[in-house]
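The values are calculated or read from the model by the stated rules, or taken from the named source; none is laboratory data. Keep in mind that what you see is a predicted model, and the values were worked out from it rather than measured. Cβ: placed from backbone, ideal geometry, glycine included. Neighbour counts: every protein chain shown.
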Amino acid sequence: MIIVVIASSVEEEVAVLRADYPDDVTAGERIARGDIQVMPVIKRKWKRQLEAYALGAGERDSIELCAQMEGVEALVTDDYLAFVAATRLGLKVWMLPDLVVQLAKRGSLTVGRAMDILKAIRLFALIRTIYQLYS
């Protein structure tokens, strides 16, 4: 079973500041139900190292939260710079497609559903890239 834990700053970003987006509304609902646990960052192990990266508060706090918790299997992020920073600090890090693959391997997602999600992620990345090029 995978337990999802997020930093308080991620909850603020996802469930409050961007509450207009469908995936953020879903995340807010899962937080309210307790499917996603919210924890504060108590100790900042890598404050100085993380200041060198242009990470948002949610990414910094997610990395720090992994450092303070025991038994963390992996940090999951959609931010490449956070992936690089966390990897350099010695954390096991998954990008979103890695999580989808793990869920399928463990039987939490069917292979067909996992493929649909992976195709949607790829399509979203392509659309975002085109948007960035022409805006």
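Which members of segment 37-89 meet the condition of being charged (D, E, K, R) and assigned to a loop (DSSP other than H, G, I, E, B)? Let's see the steps before the verdict.
Here is the first cut: in segment 37-89, the residues charged (D, E, K, R) are 43-45, 47-48, 51, 59-61, 64, 70, 73, 78-79, 88.
Those that are charged (D, E, K, R) and assigned to a loop (DSSP other than H, G, I, E, B): Lys43, Arg44, Lys45, Glu70, Glu73, Asp78, Asp79.
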Checked segment 48-65 for anything loosely packed, with under 14 Cβ neighbours inside 10 Å and either modelled with pLDDT of 95 or more or among the acidic types (Asp, Glu) (or both); matches are Glu51
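Let's see how each residue does on (1) surrounded by fewer than 17 Cβ atoms within 10 Å (Cβ to Cβ); (2) within 10 Å of the chain's Cα centre (by Cα):
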{"position": "Met69", "(1), (2)": "yes, no"}
{"position": "Leu75", "(1), (2)": "no, yes"}
{"position": "Ala82", "(1), (2)": "no, yes"}
{"position": "Ala86", "(1), (2)": "no, no"}
{"position": "Leu91", "(1), (2)": "no, no"}
{"position": "Pro97", "(1), (2)": "yes, no"}
{"position": "Lys105", "(1), (2)": "yes, no"}
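Out of Arg33, Arg48, Arg44, report the one residue that is touching a residue at least 12 places away in the same chain (Cβ under 8 Å) and among the basic types (Lys, Arg). Spell out the reasoning first.
On the way: Arg33 fails: touching a residue at least 12 places away in the same chain (Cβ under 8 Å); Arg48 fails: touching a residue at least 12 places away in the same chain (Cβ under 8 Å).
That would be Arg44, the only listed residue that is touching a residue at least 12 places away in the same chain (Cβ under 8 Å) and among the basic types (Lys, Arg).
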